[in-house]
Structures are given as C-alpha cells and as structure tokens.
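Asker: A single structure is presented below for examination.
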Amino acid sequence: AVAGAPDDAGALFALGSFYLRRADTFPKAQKQLLLAARNGAASPSPFALLGCWYERKGDAGRAAGCFSKALALDPGHPVAGRGLHRLRPEDARRLCAAAVDGSSPVNGWAWKILGEQAAADGDDTYASTCFQQALFRGDVEGAGDGELGYFYRPLADADAAVPYSERAALWAQLAGCYGRMGKLSAAVQAYAEASTVADGHLPSGVLCQWAQVEQGLGSHDEAFDKCKQVMREDPQNLEAACCAGIGGLAIAKRHHGEGKFSLARQWLQDGVAILRGAVDGAREASDVCASPTAFKILGDLYTFGASLPYFVFREDADAHPPLHAHEFGPVLAFVQQGEQAYRSVLQLERACDLDSVEMAIAAYDLGVNHFLQARLLATSEDGSGGGDRLDILDGAADGPSEGPSVARALRLSVASFLASVGAEPLFAPAWCGLGCALADASPVLAQHCLCRSLQLDRASHLSWANLSMLYVEHGADGAEEALDALTQVADSPLCWIGRGLLMESKSADFESAADAYRSALQVSQHPEALLGLSMTCRKRTLARDETGADDADENAYITSMEYNARLECNNSVRMYLSTGSKNMGTSLRNELLALEEEIVRGMEPALLSGSVQTVQQQLAFFENVRRENEDETQSSETKQAFDTVKECLAIISGAESQEIQEAEATTNTDASNAVSMEEPDDTGAADEDKETDEGDAEKKDSTDPVLLLRRAEDMAKEGTDQYARARDTAVRAYDAFHRRLLDTAAVSSAEEGADGYQKPAVPVPVDAAHISRASALVHWLSGCSERGGGGDGTAPVRASLRLQVALMMDPGNPLAVAGLV
C-alpha cells in the first residue's frame, strides 16, 4: 500500500505502527511515523506513536514534545495522555482537566488519574464518581483492543503478561472507595467484579482489603478463605496473617456463643498457626517493626481460650467431661502463651517507636491475660490458688521461680493495669481492669477505679457492669442505680443477674429472682444466670413446701408446679456444667439432683443404693480436696455444706432400708393372705365373711388403677397361662388412669373456701410413671399373646402405640426401653 501510494498518511501510519510492535523492525518505525505525521498533520496518532518511540529510546524530551503535540490536536488521546502522564506526572491535573472537558469516548485514562488524586486527598465521593466514569470509557472498557490498545503501556512492558488489567484495577479502586465510605455491600460487589475481570488473579493487597470489608459485614468465613489464599502464595504475608487471625477469633467467638466449643478451639488454633508462621518469617527477615499488630492478635487468640470449657483442650474433647477431673493444665498453658505474645509487643517499644496509646493497650491486654489466669487458677480443683487477699497490693511482682497462684496472677494483673494507666492516664479500659483486679482485696479502691473509668467513658458497659456487681456483692445502696445505668448503655445479661441477686439477698423474693435469671438467659446463655436459676428454683420449691397446703386441690396444683420447677432446676445445673463452669458445690449438687430424680421415679432399692454409694465416694473425694486447700481465709459455710450433704445421704440410706423392709413385709403379708384365702372354713359365718371381703377387694381393685396395675404385674409373673388375664387387667388399669384424668366424674368437686368463694375443681393427680408402666405392660403382654396365637392381627399396631406412650411418659422405664430395643 505504501509503495502504491507513498503519500498516503493512513498507510504510512499503519506500516509505522507495525514496525513499532516488533523488535527487529523497531528502528524503521521512526521514518514511517515521521512521514505519516508530515502527510497527516491533523492526526494526533502519528505524534503519539512517535512519542512512544522516543520514550523507548530514552529521549524523554522529544517524547514529551510528541505527546504534547498529539494532546494539542486531541486532549483526550489515550496513548498521548498516558505517555505524558508517565513522563510529567506533575502536569496530570491540567492535562486531565482538559481531557474530561471534551466529549471524548476514550478519555478514561483522565478520569482514572483524577480519581486516584481525589482518593489520595481523602475525597472518596468524587473519587468513586471518577472511577465510575472511567469504567465506561472505551479505552478502559476495551483496553488492549483496537489499533492503539497495544501502546497504552510503555513499549518495554507491552509484551509482558498482564494478569491484572487496568479495568480490574479500576474496579478494585472503586471498591476501596466504597469501603472507606462505609458502603460495604457495594464494595463487595465491586471486588467481585474485579475478580471476574482478572479471572480470579487479584493481587494479595486487594484480596486482603476485600477480606477486611467482608469482616466488616460479618462474613468472617469468606474473609478467612481469602487470607488463606494469600498465605498459600506468600506464607510470610503479615497483612494476610493478621486478617486471618482476626477472622479466626471472630469465628471462634461465634461458635462459643452457639455452644460449639470444640469448633471454637479449632479456629483459635488455626489462627495461631497462621500468625506464628508469619511472625517467625518477619523475625528471620529482621522486620520486627511489622509484627506488633500480629503479636497483639496472637495474644488475643490465646487469651480467648480462657472463655472455653477446660475439657475441650483435652485429646478426647468430644467425650463427656468427668465430674472431678484435674484438667485445667492444658487451658492454662494455652492462655499463658498469650502472656508471652503481649510481652513481645511491650519489648518492641523502642525498636518500633510505639506511641503511648499503643503501649497502654498492650499493657492492658497483658493485665487482662493475667486476670483470666487468676480466674482459671481459682476455678481449678487442684488447689493452685490461695494466699492472703491483701497480698496483691504488695510492691514488686514475684520472680519466675514462684509457682502459679491466684495471688501472684492478680499481682501481675494489677501491675500491668497500673503500667497501662501510667502510659495513658485517660485510657478508660485500664481503669476498669484495675478495678476488677482490686475488687477482692480492696473494694473501696476498686470502686474508685471503676468510677474513674466511667468519668472517662460514660458509655462503658463493662465499667457499669463491674461497678453494679461490686455494689451487689457488698450490699451497697447504689446497686439498683448502677444496674439501671447499665440497662441504658447495653443489653447485657448482667443487668438481670444483678437484679436477681438483689432480690435473693434483700427481699428473699425467689420467684422474682428466678424471673430475672430467665430474662438474663434470653439475652445470652450466661453460666451465672443458669446457676442462679437452678438455685432459685429449688429455693422457691422449699418456700412453697414451708407454707403448706391442706386443701387437696391446692396440693394438686402445687405438685404440678413443683415438678416443673424441679425439672427446670435440673436442666439449668446440667447446662451450667456443660459450659465448662466448674466448682465442687455445683458438681456435687448435680449428682444429688440426679439421685433425687431416681427417688422420685421410684427406682428399685438395689439400684438406688448404688447411686447413693457413688455420691458418697464423690463426697469423700471433695472432702479430701477441701482439706488440701483449707486455709485461714476459708469460711465455715463449706464445712457446713458437706455436713448437710452427709445428713441427706444418711436420711436417703435410712429411707431406702426402710423401703426394702416394707417391701419384704408386704410380700410376706400377701403370701399369708393368699394361703389363708385358699384354706376352707368350716363355719358358715366364716364363708359369708370371706365372700364379703373378697367382694369388697374385687370392687376396690376394679376402681383403683394402681391396684389394677399391681394385680396385672403379679399375674404376668405367675406364668404364660395368666398372660391373657394379665393383659386385660393392664388395659383396665390404663383406661382407669385416663378416666381419672379426663372424666368429669373423676374430677374433685368444687368446695367453698373459708372466704366464701368457690374453689375450682381440679383433676386427681396421676403419676406419669404409673401410666408408663401400664402401657409398657400392655405392649409386652400383647407381644406374648401374638406369639401364643391369640392375637387379632391389630395387636402389634396397638402395642406399638402403647410403647410410644410409655416412653413419652417415662423415658427411663426399663420395660419400655427393652421393648424399644
């Protein structure tokens, strides 16, 4: 084409552009582009490509001149604009202002530069507008397409692979603006678009920013996956490691709130493993100043382990925790590693030039860790706590040779909180932590510290909560006002726990206290709320028993309500222990409640004696622990509690022996009566009396379901020839129980009370265990009848229904359980 028309500017430009793309013909490109510029003086593209040629040769002056000439002809030219911006970035604002004034469809480069400058100046609103304009311009939307797309980048980099296009970068920059503006959902969508454009190959920095935005939305699982993606390519990336640590901690907290303690521990360990690798890599690279944040997050992961039950740190974490296991060593060792991480932050003060606020936060975190260690030591049963309460007010901390103790941990906690206050006196959390550490040794000093914290931050719910609990514990007058203030700043379960404690201690209103603990459990499954509910349920039961009720109807209602209270109490204690909260009193109380439940269900004396022996063994174990840990500060309530438990067990054992004797006596009496009924009487009067007695007994048996049930059980024991009669009698007993509950004739009549009002009629109470026994017996005898050939074909179905009723009424019925198996 050039040979046929040597003056054709278009042909000359096409040939020069072709030469410019290839290294072997690169020198020839200048001549063809010069001829094209001379013959097509009104076209900016030849001048723009000449600028690229001179830039590649290293002649920045001539390159800038050619770019300027092209922009003079077309202010929005994409090649000339990008080229001149590379050479003279100080003129970018003027060049871009001229480019966007026109209506050029390819001035996306100018909008992009303006957006970057606005983002650097902090104007994310205008920056997002510029990025949106750039995304819909032809030079960005179809970057790399067309005859000029190859020259958007410097010729030295034109042939290099581009996994991250300009369009993907614009979407990422727009997402960053949305994230800083608080438009997190829009930011996630923009990052997703950037990933689509880049075919999933986003830079690590962009992935970390995306993960941070998802963490802001609560999508911690997705954020953690993105951080792990970065860590697979760069295991020492501290930014991704810190983001993964934050995500792992948040997920662990979520699982902890859901009661999934083993999963929470696993997430903590995963976050620790990632952060450990990144921190070790930073140390090897001598980049210690990049690791304070990583050490802080690492300490947070270790410290949160104190919130998990002790048994999840065992190898058999999924097994049911033993009642009196000394298993606090693993969790304590885990938390102590957090102490080492926080100390590493404090050691970087001079090397990394940390400011006073950062030092205060690090010292505060260390104080919290020591305080949680003290709580673990005090909760454990192996006696690692102890010492005078005022020991924590001593001067220097103990040396490393001293073993772990509650007093030592509290002293270290107080020292750390004081260091935090010294670094930044206006740091409110440090005053709050100091008040908590001093609460046991000096309540007055603790009150001062908590009030100082509230002076600095009136909205601190932790300060209000601890101050209110301090007032409640010591019976101070300001307890209710502090609880009211806590209610105003946060929806905390401690609001209701504190009110429940006040109702117990001041007015002995156990019903209202139980309601308060139930309200606390609606906020969260706080262990102290569970324990308080179990205690008030039992106290409420005792209070009603002391009032007494002579009326049968009132007794029926009270029996039903007391059954529900006992059930709620047992469930609350079990849930309390399942959270990992552990103390000797509650563990022993749980066993006593289980023993009480067995007594109520009417367990066989032989089995009951085994349960009593188990409780006695555990009581002996706890007494040994108490003797080992006994000191001057221990109150006499513990000894009194153990003595009370012994008395209860003695009463139970005595009642059990009496029950066995009565059962044997009843058996002997029934056998004697049976023999006397078989002996004939020679006198007519004796025969008449015998017939009368038998008629009365038969009449009573036909109306009393309990007697019918016992009669059916006795028949079943006599042999197979009595199975049919026993089954019919068991059915009659089952129907009699239902009639007693449902029939109007079996409902007690209304009576007039002392105040003149009619008392409501109520059903006669029926023990669910009796209905379960009758139903299970019918099921068993129906199966025997079917095997004997006496069934009607529908017996298996009816028996199955009877079995379901028996299990629902009493899941512990051995005959029903055997039928189920």
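The values are calculated or read from the model by the stated rules, or taken from the named source; none is laboratory data. Just so it is clear, the structure is predicted and the values come from calculations on it, not from any experiment. Here the Cβ is made from the backbone with ideal geometry for all residues, glycine too, and neighbour counts use every protein chain on show. Side chains included, ligands, DNA and RNA excluded: accessible areas come from the protein's heavy atoms. Shrake-Rupley method; radii C 1.70, N 1.55, O 1.52, S 1.80 Å.
Asker: Checking the conditions here, which among R82, R62 is part of a helix (DSSP H, G or I), more than 19 Å from E147 (Cα to Cα) and basic (K, R)? Don't jump to the end; show me each part of the working.
Answerer: Details: R82 fails: more than 19 Å from E147 (Cα to Cα).
Only one candidate passes the filter, namely R62.
Asker: Check the range 400-417 and report whether any residue there is crowded, with 17+ Cβ neighbours inside 10 Å, part of a helix (DSSP H, G or I) and at pLDDT below 50.
Answerer: No: zero hits.
Asker: Show the residue pairs that are 6+ apart or on different chains and have beta-carbon atoms under 7 Å apart, the first residue being within the range 56-70 and polar (S, T, N, Q), the second being part of a helix (DSSP H, G or I) and surrounded by fewer than 18 Cβ atoms within 10 Å (Cβ to Cβ).
Answerer: none
Asker: Given the residues A508, A514, which is the only one that is closer than 20 Å to M575 by Cβ and open to solvent by less than 60 Å² (accessible area, probe 1.4 Å)?
Answerer: On the way: A508 fails: closer than 20 Å to M575 by Cβ.
Selected residue: A514, the only one of A508, A514 that is closer than 20 Å to M575 by Cβ and open to solvent by less than 60 Å² (accessible area, probe 1.4 Å).
Asker: When you look at N466, is it under 19 Å from G435 (Cα atoms), of a type in the set (S, T, N, Q) and either buried (at least 16 other Cβ atoms within 10 Å of the Cβ) or at pLDDT below 90 (or both), yes or no? Spell out how you get there, then give the answer.
Answerer: Values: under 19 Å from G435 (Cα atoms): yes; of a type in the set (S, T, N, Q): yes; either buried (at least 16 other Cβ atoms within 10 Å of the Cβ) or at pLDDT below 90 (or both): yes.
It is true that N466 is under 19 Å from G435 (Cα atoms), of a type in the set (S, T, N, Q) and either buried (at least 16 other Cβ atoms within 10 Å of the Cβ) or at pLDDT below 90 (or both).
Asker: Further question on the same structure: Can you confirm whether A42 is without any contact (Cβ under 8 Å) to a residue 24 or more places away in the chain and in a loop (DSSP other than H, G, I, E, B)?
Answerer: Values: without any contact (Cβ under 8 Å) to a residue 24 or more places away in the chain: no; in a loop (DSSP other than H, G, I, E, B): yes.
Considered against the rule, which asks whether it is without any contact (Cβ under 8 Å) to a residue 24 or more places away in the chain and in a loop (DSSP other than H, G, I, E, B), A42 comes out as no.
Asker: Being among the hydrophobic types (A, V, I, L, M, F, W, C) and closer than 30 Å to Y302 by Cβ, is that true of even one residue in the range 186-204?
Answerer: First pass over the range 186-204, keeping only residues among the hydrophobic types (A, V, I, L, M, F, W, C): 186-188, 190, 192, 194, 197-198, 202.
Among the residues that remain, those that are also closer than 30 Å to Y302 by Cβ are: none.
For the range 186-204, residues among the hydrophobic types (A, V, I, L, M, F, W, C) and closer than 30 Å to Y302 by Cβ: absent.
Asker: From (1) open to solvent by less than 40 Å² (accessible area, probe 1.4 Å); (2) part of a helix (DSSP H, G or I); (3) of a type outside the set (D, E); (4) at pLDDT below 90, pick out the condition that doesn't hold for T293.
Answerer: Of everything listed in (1) open to solvent by less than 40 Å² (accessible area, probe 1.4 Å); (2) part of a helix (DSSP H, G or I); (3) of a type outside the set (D, E); (4) at pLDDT below 90, T293 misses just condition (1).
Listed here are the residues, each with its yes/no results for (1) among the hydroxyl-bearing types (S, T, Y); (2) part of a helix (DSSP H, G or I); (3) at pLDDT 80 or above; (4) crowded, with 23+ Cβ neighbours inside 10 Å.
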position	(1), (2), (3), (4)
G299	no, yes, yes, yes
F311	no, yes, yes, yes
A317	no, no, no, no
A325	no, no, no, no
Q340	no, yes, yes, no
S344	yes, yes, yes, no
L366	no, yes, yes, yes
G395	no, no, no, no
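Asker: Another question, if that's okay. Of these, A41, A36, A29, which one is open to solvent by 50 Å² or more (accessible area, probe 1.4 Å), over 25 Å from A118 (Cα atoms) and not basic (K, R)? Break it down stepwise before answering.
Answerer: Values: A36 fails: open to solvent by 50 Å² or more (accessible area, probe 1.4 Å); A29 fails: open to solvent by 50 Å² or more (accessible area, probe 1.4 Å).
Answer to the selection: A41.
Asker: If you don't mind, another one. How many of the residues in the range 346-361 are more than 12 Å from F295 (Cα to Cα), in a helix (DSSP H, G or I) and either out of contact with any Ser or Thr (no Cβ under 6 Å at 6 or more places or on another chain) or at pLDDT below 85 (or both)? Explain how you work it out, then say what you get.
Answerer: Start the filter on the range 346-361 by keeping residues that are more than 12 Å from F295 (Cα to Cα), which leaves 349-361.
Add one more test, that the residue is in a helix (DSSP H, G or I), and what stays is 349-352, 356-361.
Subsequent filtering for residues that are either out of contact with any Ser or Thr (no Cβ under 6 Å at 6 or more places or on another chain) or at pLDDT below 85 (or both) retains 349-352, 356-359, 361.
Of the residues in the range 346-361, 9 are more than 12 Å from F295 (Cα to Cα), in a helix (DSSP H, G or I) and either out of contact with any Ser or Thr (no Cβ under 6 Å at 6 or more places or on another chain) or at pLDDT below 85 (or both).
Asker: As an exercise: evaluate E504 against (1) at pLDDT 85 or above; (2) under 30 Å from F261 (Cα atoms) and give the number of the one condition it does not meet.
Answerer: So the condition that E504 fails would be (2).
Asker: Residue check, L454 against (1) out of contact with any Asp or Glu (no Cβ under 9 Å at 6 or more places or on another chain); (2) within 20 Å of L372 (Cβ to Cβ); (3) not hydroxyl-bearing (S, T, Y), all met but one. Which one?
Answerer: (2)
Asker: Right, something else. Sort through L494, L486, L521 and tell me the only one that's part of a helix (DSSP H, G or I), open to solvent by 20 Å² or more (accessible area, probe 1.4 Å), aliphatic (A, V, I, L, M) and over 28 Å from A594 (Cβ atoms).
Answerer: Numbers: L486 fails: open to solvent by 20 Å² or more (accessible area, probe 1.4 Å); L521 fails: over 28 Å from A594 (Cβ atoms).
Unique residue meeting the criteria: L494.
Asker: Identify, please: which residue in the range 702-751 is at pLDDT below 70 and among the aliphatic types (A, V, I, L, M) and is, among those, most open to solvent (accessible area, probe 1.4 Å)?
Answerer: Our first condition is that a residue be at pLDDT below 70; within the range 702-751, this holds for 702-703, 741-751.
Now narrow it down to the ones that are among the aliphatic types (A, V, I, L, M): 741-742, 745-747, 750.
Numbers: L741: 65, L742: 129, A745: 100, A746: 31, V747: 46, A750: 57 Å².
Checking each candidate, the answer is L742.
Asker: Has the range 215-236 got at least one residue that is among the polar types (S, T, N, Q), out of contact with any helix residue (DSSP H, G or I) (no Cβ under 7 Å at 6 or more places or on another chain) and assigned to a helix (DSSP H, G or I)?
Answerer: Narrowing the range 215-236 to residues among the polar types (S, T, N, Q): 215, 219, 229, 236.
Narrowing further to those that are out of contact with any helix residue (DSSP H, G or I) (no Cβ under 7 Å at 6 or more places or on another chain): 219.
Still in the running and assigned to a helix (DSSP H, G or I): none.
Checking the range 215-236: not a single residue is among the polar types (S, T, N, Q), out of contact with any helix residue (DSSP H, G or I) (no Cβ under 7 Å at 6 or more places or on another chain) and assigned to a helix (DSSP H, G or I).
Asker: Is there any pair linking a residue in the range 584-598 that is under 11 Å from S534 (Cβ atoms) to one that is of a type outside the set (F, W, Y) and not in a helix (DSSP H, G or I), with Cβ under 8 Å and at least six apart or on different chains, and which?
Answerer: Within 8 Å, the pairs are N590/L323.
Asker: Let me confirm something: among S560, S587, S581, which residue is open to solvent by less than 20 Å² (accessible area, probe 1.4 Å) and either among the aliphatic types (A, V, I, L, M) or at pLDDT below 75 (or both)?
Answerer: Working: S560 fails: open to solvent by less than 20 Å² (accessible area, probe 1.4 Å); S581 fails: open to solvent by less than 20 Å² (accessible area, probe 1.4 Å).
Matching residue, one of S560, S587, S581: S587.
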